[in-house]
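As structure tokens, the structure follows; a few thoughts come after it.
The values are calculated or read from the model by the stated rules, or taken from the named source; none is laboratory data. Every value quoted in this text rests on a predicted model; they were computed, and no experiment measured them. Backbone-built Cβ (ideal geometry, glycine too); neighbour counts: all protein chains shown. Just the protein is used for accessible areas: all its heavy atoms, side chains included, with ligands, DNA and RNA removed. Shrake-Rupley method; radii C 1.70, N 1.55, O 1.52, S 1.80 Å.
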Amino acid sequence: MANIKKGDLVQVISGRSQARGGDRGKQGKVLEVLVDQNRVIVEGVNFVTKHVRVGQTQRGTKTGGIETQEAPIHVSNVAIVDPESKKPTRVGFRIEQVTKDGVTKTVRVRYAKKSGKDL
């Protein structure tokens, strides 16, 4: 089970500060996790400009130009936000026994280390 998953609220904990044009301290939702590269794409963080070739759609409207989009950021540079205090925290795992329809299962649950709340 991974520490960071799609849909988690994370905060950038390294890099240039926002006063100097960086993204440190910004919070955003994880849009995509690139497991093989150890990177995540976070909403509203690490914008890059991309030049897209001009083309035409079926209706004749032009597409392309200069677009901005989020670029991947390394997993070690982000931390999950604690749901209680809204500050970055580490992730812990605990094993719980869940009984459903008379069947007992063991389930790994992610929780925030600062507050103990489930993620």
TODO: Can you tell me which residue within region 6-22, out of those that are without any contact (Cβ under 8 Å) to a residue 40 or more places away in the chain and not in a helix (DSSP H, G or I), is least open to solvent (accessible area, probe 1.4 Å)?
DONE: 22
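Across region 47-85, what is the number of residues that are outside any strand (DSSP E or B), loosely packed, with under 10 Cβ neighbours inside 10 Å and at negative phi?
4
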- [ ] Read through the list (1) surrounded by 12 or more Cβ atoms within 10 Å (Cβ to Cβ); (2) of a type in the set (A, V, I, L, M, F, W, C); (3) at pLDDT below 95, then give the number of the only condition that residue 98 fails.
- [x] (1)
Task: Single match in 60, 44, 21 (criterion: at pLDDT below 95 and in contact with a strand residue (DSSP E or B) (Cβ under 7 Å, 6 or more places away or on another chain)) - done: 44
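Residues are listed down the side, and each one gets a yes or a no for (1) among the acidic types (Asp, Glu); (2) closer than 20 Å to residue 109 by Cα:
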{"residue": "17", "(1), (2)": "no, no"}
{"residue": "30", "(1), (2)": "no, yes"}
{"residue": "39", "(1), (2)": "no, no"}
{"residue": "84", "(1), (2)": "yes, yes"}
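Identify the residue in region 101-118 that is part of a strand (DSSP E or B) and in contact (Cβ under 8 Å) with a residue 12 or more places away in the chain and, among all such residues, is surrounded by the most Cβ atoms within 10 Å (Cβ to Cβ).
Pass one, region 101-118, residues part of a strand (DSSP E or B): 103-112, 118.
Next cut, in contact (Cβ under 8 Å) with a residue 12 or more places away in the chain only: 107-112.
Values: 107: 9, 108: 9, 109: 13, 110: 17, 111: 16, 112: 21.
It comes out as 112.
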TODO: Inspect region 89-97 for any residue being under 15 Å from the mean Cα position of the chain (by Cα), touching a residue at least 60 places away in the same chain (Cβ under 8 Å) and in a strand (DSSP E or B) and give the result as yes or no.
DONE: yes
